[in-house]
Amino acid sequence: MQNGVLGMVGETAVVTKEVAGRTQPGSVLTRGEEWFAVSMVPGEAIAPGTTVVVADVDRGLLVVYPTGE
């Protein structure tokens, strides 16, 4: 089990500000905190209110994808 920000991989979050590519990071809420995030799929924007999964952490940005629910 990893601690800290790397331990967030696999956790779910809710988009609070549209998440898009690296040039337009959005925000997600997880662990009771707001984090900057980008979409795992290039060119895909994820709308606020969408539940996402943290796939990776890259230079302090959470890399996320929608759960499909």
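Only the coordinates and a few stated rules stand behind these numbers; no lab work does. Remember, predicted model here, so these are calculated numbers, not experimental data. Glycine also receives a Cβ, built like all others from the backbone with ideal geometry; neighbour counts cover every protein chain displayed.
For this structure, a couple of remarks:
- Residues of segment 34-59 classified as in contact with a Pro (Cβ under 6 Å, 6 or more places away or on another chain) and not aliphatic (A, V, I, L, M), total: 2
- Enumeration of residues in segment 30-69 that are of a type in the set (Phe, Trp, Tyr) and either under 14 Å from Gly10 (Cα atoms) or in contact with a helix residue (DSSP H, G or I) (Cβ under 7 Å, 6 or more places away or on another chain) (or both): Tyr65
- Residue list for segment 23-47, restricted to those being without any contact (Cβ under 8 Å) to a residue 24 or more places away in the chain and either loosely packed, with under 15 Cβ neighbours inside 10 Å or over 10 Å from the mean Cα position of the chain (by Cα) (or both): Thr23, Gln24, Leu29, Arg31, Gly32, Glu33, Glu34, Pro42, Gly43
- Total residues in segment 1-22, condition part of a loop (DSSP other than H, G, I, E, B) and surrounded by 13 or more Cβ atoms within 10 Å (Cβ to Cβ): 5
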